[in-house]
Amino acid sequence: MKHIVRKFFSIGAFEEEEQWLNQMAAKGMILTGVGFCKYFFEEGTPGEYVYRLELLKNWPSHTESIAYISFLEDMGIEQVGSHLRWVYFRRKSTEGAFDIFSDIDSRISHYQRITRFSFVMSAMMAILAVVFFGEAGNFIFNHNPWIQSGFHDSFGYSIIFLAYGVMFTLFAALFPFVTRPIRASLRALLRERQIRE
Amino acid sequence: MPESSALTEAVYYILLSLYEPMHGYGIMQNVAHLSGDRLSLAAGTLYGALNTLLERGWIEALPGEKNSRKKEYVITAAGKTALQNEYLRLQELLGNGAKIMRRENS
């Protein structure tokens with residue numbers, strides 16, 4: 001039996017997502033694929049797999065990612081699916097505890113990859129917001145000849161641009177907001193690294 | 001990084017393992033064996049360490065058979081030097097630890 005579950009996890013909640021997938025696996029709901037906010041499960045042996053998520057350095061189709069994923073395959077780790085640069089891995093629980101990273105440095109660099117990704121997304125949203133606000137401002141304050149066709153038109157456009165500007169501002173603010181737990185974990189690890197490896 | 005700085009535990013054991021040519025899975029098993037199952041190297045951490053060591057020239061990939069995806073690695077002369085420096089550094093740490101802690105205990 002196949003099941004599709006729709007659920008949303010933010011970029012800052014990938015550990016909760018992992019936990020949820022592992023709880024599902026413990027109940028015998030085995031993840032077999034992912035989409036945007038979509039999870040495909042099949043019924044299987046409870047507790048057969050452990051799942052882990054990783055944000056790769058490159059897109060999954062990049063040569064470096066392919067080399068990395070085939071290295072993991074040699075270690076008995078299977079790629080179940082991917083979404084953007086996120087990859088969903090699993091390994092048989094008979095192989096023991098499954099983690100992708102085993103020391104502080106590599107965990108730090110994974111968290112940093114996530115905060116950087118989130119920063120880039122946020123910056124892109126901020127640029128879009130500025131562009132739309134600028135356009136809205138143009139319609140309101142500059143009476144350019146090419147928009148002199150009528151006050152109502154330009155007013156309508158400026159409202160739409162303004163709305164887009166507000167939307168992208170919210171998106172830009174959302175990324176730093178949802179990644180707070182990641183930054184907290186990162187700070188804790190950086191402190192820990194001052195005294196141990 | 002200055003030569004005097006410490007190697008990570010993972011790098012120390014990876015370099016030790018590669019006195020014999022080994023592929024990734026072999027290194028993981030060997031490190032677990034050497035450390036009496038205390039240290040289990042995760043695959044992502046191992047991959048990152050191997051790439052850094054390759055870039056630094058402390059290990060090299062053996063030209064394997066074409067069909068084999070599993071690359072084998074082996075330590076280089078530079079890698080052996082790094083390991084020997086680390087060995088001396090650890091000896092100093094152990095020696096000083098023994099001197100001071102023994103005095104305390106006796």
- Would you check if B:LEU39 is at pLDDT below 95, surrounded by 12 or more Cβ atoms within 10 Å (Cβ to Cβ) and under 25 Å from A:ALA97 (Cβ atoms)? yes
- Query: Filter region A:50-77 for residues that are without any contact (Cβ under 8 Å) to a residue 24 or more places away in the chain and more than 11 Å from every other protein chain (Cβ to nearest Cβ); which is farthest from B:THR52 (Cα to Cα)?
  - Reply: A:SER61
- Query: A:TYR39: outside any loop (DSSP other than H, G, I, E, B), hydroxyl-bearing (Ser, Thr, Tyr) and touching a residue at least 60 places away in the same chain (Cβ under 8 Å), yes or no?
  - Reply: no
- Item | Residue that is surrounded by the fewest Cβ atoms within 10 Å (Cβ to Cβ), among those in region B:42-59 that are under 11 Å from the mean Cα position of the chain (by Cα) and within 10 Å of another protein chain (Cβ to nearest Cβ) | B:LEU50
- Query: Would it be correct to say that A:SER106 is outside any loop (DSSP other than H, G, I, E, B), among the hydroxyl-bearing types (Ser, Thr, Tyr) and either at pLDDT 95 or above or within 21 Å of B:ALA32 (Cβ to Cβ) (or both)?
  - Reply: yes
- Message: Checking A:ALA136 against (1) away from chain B (no Cβ under 11 Å); (2) in contact with a Ser or Thr (Cβ under 8 Å, 6 or more places away or on another chain); (3) within 29 Å of A:ALA184 (Cβ to Cβ); (4) assigned to a helix (DSSP H, G or I), only one condition comes out false. Which one?
- Response: (3)
- Item | Subset of region B:62-79 [at pLDDT 95 or above and under 11 Å from B:LEU18 (Cβ atoms)] | B:TYR73, B:VAL74, B:ILE75, B:THR76, B:GLY79
- Query: So B:LEU18 clears everything in (1) at pLDDT below 95; (2) surrounded by 17 or more Cβ atoms within 10 Å (Cβ to Cβ) except one condition, right? Which one?
  - Reply: (1)
- Message: I'm trying to understand the selection: among the residues of region A:78-100, which are more than 14 Å from the chain's Cα centre (by Cα) and within 11 Å of chain B (Cβ to nearest Cβ)?
- Response: A:PHE89, A:ARG91, A:GLU95, A:GLY96, A:ALA97, A:PHE98, A:ASP99, A:ILE100
- Task: Tell me, yes or no, whether region A:80-98 has at least one residue that is closer than 21 Å to B:TYR13 by Cβ, of a type outside the set (Gly, Ala, Ser) and touching a helix residue (DSSP H, G or I) at 6+ places or on another chain (Cβ under 6 Å).
- Result: no
- Item | Matching residues in region A:105-116 - criterion: being at the interface with chain B (Cβ under 9 Å from one of its Cβ atoms) and either buried (at least 20 other Cβ atoms within 10 Å of the Cβ) or of a type outside the set (Ser, Thr, Tyr) (or both) | A:ASP105, A:SER106, A:ARG107, A:HIS110
- Message: Can you tell me which residue is farthest from the other protein chains (Cβ to nearest Cβ) among those in region B:17-36 that are part of a helix (DSSP H, G or I) and hydrophobic (A, V, I, L, M, F, W, C)?
- Response: B:LEU34
- Among residues belonging to region A:87-104 that are surrounded by 20 or more Cβ atoms within 10 Å (Cβ to Cβ) and touching a residue at least 24 places away in the same chain (Cβ under 8 Å), point out the one that is nearest to A:PRO60 (Cα to Cα). A:VAL87
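The values are calculated or read from the model by the stated rules, or taken from the named source; none is laboratory data. Predicted, not measured: the structure shown is a model, and the values here were computed from it. Using ideal geometry, Cβ is built from the backbone for each residue, glycine included, and neighbour counts are taken over all protein chains shown.
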